[in-house]
Amino acid sequence: MSSETTPDDASGTYSLVVVSNRLPVDKVVAADGSESWRASPGGLVTALEPVMRESDGAWVGWAGVAGDHSEPFENDGISIVPVSLSAEDVEFYYEGFSNDTLWPLYHDVIAPPTYHRDWWDSYLIVNQRFADAAAAVAAQGATVWVQDYQLQLVPKMLRESRPDLVIGFFNHIPFPAYGIFSQLPWRTQIVEGLLGADVIGFQRVADAGNFSRAVRRLTGYTTKGATIEVPIEDEAEVQGNPLRAKVSRRGHQVRTVTARAFPISIDAASFEELAHRPEIQARAREIRQELGDPEIVMLGVDRLDYTKGIGHRLKAYGELLAEGKISVADASLVQVASPSRERVQTYMTLRDEIELTVGRINGDFSTISHTAISYLHQGRPRDEMVALYLAADIMLVTALRDGMNLVAKEYVATRFDNDGVLVLSEFAGAADELKAALLVNPHDIEGLKEAILRAMQMPRHERSRRMRSLRKRVKEHDVARWSKSFLDALADQTLAQSSADAAAAADESASESANGGDEQS
Ligand code: GDG
């Protein structure tokens with residue numbers, strides 16, 4: 001599966017470098033000590049894999065195993081550059097600061113964030129390690145695209161060491177309102193870290209707005225629409241890339257940063273292609289039979305995470321059964337809850353709560369022929385996910401807060417039959433685009449129950465009308481369009497600055513000639 005890295009030039013560097021916490025592959029160490037690599041699931045990988053395969057770029061990230069020191073290699077057309085993390089790095093930087101400080105804070109403190117200075121110190125050290133690894137493989141003037149909340153300091157660190165680079169950052173999770181963000185003891189460092197980028201992308205317009213407000217409050221820098229003027233303090237930065245510096249109205253040397261929404265998407269065609277395969281359609285029919293041929297199959301697919309609103313979904317379903325509004329023969333629920341962050345305490349507690357609830361509902365309402373909730377705490381192959389999407393009459397996405405939610409888009413992409421109902425939380429980024437879904441507030445359990453009943457009773461023509469509209473959006477705005485629009489914005493940003501600079505230089509020389517070069521005038 002793997003071979004030596006083949007860089008795009010003799011210097012061993014690449015013109016496009018993606019940097020993310022996790023590589024698109026995991027290292028698997030077997031009991032006998034033998035090692036192999038396996039594709040790893042997750043929103044980011046799903047989104048970026050097709051982009052990377054089309055370019056000859058390098059991907060810098062962690063292999064998912066503590067203490068790993070693997071050499072760079074090539075996997076399925078992507079050059080992989082592993083960054084090693086010690087067991088303490090994993091505990092402090094990853095499970096601690098990333099998943100127990102930033103994750104709950106950025107998801108509107110649904111769970112309380114923990115603040116530890118040791119975790120922050122580790123975040124600094126590990127971000128520098130990622131920045132150094134990226135700088136080492138980036139060619140002169142290369143584009144480096146940094147991904148997500150685990151690496152928010154990397155843009156500034158990269159700019160300091162490599163002012164020649166074009167730097168992008170994309171935040172896959174929400175960016176919270178200032179009233180929440182301001183809790184973070186290291187809020188200014190985070191904002192300064194991000195401002196090292198030329199373009200900062202967010203999922204929703206509201207996230208970009210929250211970021212710009214944080215910039216104004218914490219730094220006082222001027223923002224205008226999507227543009228932020230960042231003062232240049234280090235002369236080396238101007239020397240490293242003279243085209244990027246310009247003079248602001250207040251007479252400071254600044255560079256401009258763009259912060260705006262780039263809603264992420266999926267490789268819609270590949271989901272549709274899988275859905276057309278006869279064996280996957282047969283599997284979808286088989287799933288329904290195995291469930292005891294209920295009238296309606298409902299589906300939830302999530303990482304087992306407290307942001308996904310799995311508990312709210314189960315509560316609504318359980319109450320509908322308890323009130324006799326539905327029976328298990330009418331409507332069966334399949335819940336895939338893929339294991340996630342299993343060493344973080346909040347996730348252990350969540351798992352216990354969810355499994356207790358599932359057990360209770362099944363105990364109270366299942367019959368020998370019909371199980372109320374088929375609960376799968378396991379990752380499933382992509383083919384099986386598509387079969388589940390095809391088998392499901394109703395897809396329940398009830399996140400309490402979610403950057404985008406790719407599952408909602410995947411469901412839509414597979415439904416080439418223009419059938420199926422998407423029940424979608426208005427707190428998922430996808431709700432900004434998928435307006436033809438049944439939008440719900442998952443905190444409103446009565447509203448959620450009504451939406452489920454409405455979805456169950458929705459006439460075929462309405463299902464079809466809504467699904468056509470959803471499919472149009474997802475097919476036209478796929479992941480290729482997302483990455484292209486981000487990379488185009490990065491290119492435009494540097495181009496605009498170069499031409500603004502060229503124009504300024506032309507003005508200056510024109511006025512110098514008009515003034516006869518008299519510096520006093
Ligand atoms: C983050 C943000 C944002 C899940 N279980 C299995 C499996 N998956 C795949 C899904 C989907 C992906 O993982 C999950 O993506 P989501 O977007 O739903 O959620 P997060 O993992 O939280 O992703 C999110 C995303 O980044 C991208 O920017 O949308 O808001 O939180 O692709 O299909 N895939 C397989 N088996 C599973 O059991 N094969």
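Laboratory data are not the source of any read-out in this text; all were calculated from the coordinates shown. Predicted, not measured: the structure shown is a model, and the values here were computed from it. Cβ: placed from backbone, ideal geometry, glycine included. Neighbour counts: every protein chain shown.
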P(r) of segment 253-318 over all Cα-Cα pairs, 5 Å bins starting at 0, rounded to whole percent, reads 3, 10, 11, 13, 17, 17, 11, 5, 4, 3, 3, 2, 1, 0
Residue separation between E462 and D352 times 0.36 nm, minus their alpha-carbon distance, gives in nm 35.7 nm
Cα-based Rg of the chain per 2.2 N^0.38 Å, rounded to two decimals? 1.05
Using alpha-carbon positions, the gyration tensor of segment 86-219 gives root eigenvalues a ≥ b ≥ c; with a/c under 1.5 called rounded, otherwise prolate if a/b exceeds b/c, else oblate, the class is oblate
Check V109: other-chain or 5+ apart residues with amide H under 5 Å from its amide H, H built from backbone geometry? none
Can you return the lysines within cross-link range of K435? Criterion is Cα-Cα under 22 Å, with same-chain partners fewer than 8 residues away left out. K308, K409, K449, K472, K475
For D267, net neighbour charge (Lys/Arg +1, Asp/Glu -1) across residues whose Cβ lies under 14 Å away: -1
Find me the longest stretch of the chain that has none of the exposed trypsin sites (Lys or Arg not before Pro), where exposed means in a DSSP loop (not H, G, I, E or B) with at most 16 other Cβ atoms within 10 Å. 1-248
Calculated from backbone phi, Karplus (6.51, -1.76, 1.60) coupling profile of segment 259-267 in Hz, x at Gly/Pro: 10, 8, 7, 9, x, 6, 9, 10, 7
Regarding segment 46-113, what are the three Cα extents along the principal axes, ordered largest first, in Å? 41, 27, 12
Would you mind computing Rg(Cα) / (2.2 N^0.38 Å) for segment 291-392, counting N as its residues? 1.06
Search the structure for amide H atoms under 5 Å from the amide H of A142, placed 1.01 Å from N in the peptide plane, and list their residues when 5 or more places away or on another chain. V166
Net charge (Lys, Arg +1; Asp, Glu -1) of residues whose beta-carbon lies under 12 Å from that of R288, R288 excluded, is -3
So for segment 351-439, using the alpha carbon gyration tensor with a ≥ b ≥ c as root eigenvalues (a/c under 1.5 gives rounded; past that, a/b versus b/c decides prolate or oblate), I'd call it prolate
Considering segment 387-501, what Rg and Dmax in Å follow from its alpha-carbon atoms? 17.3, 61
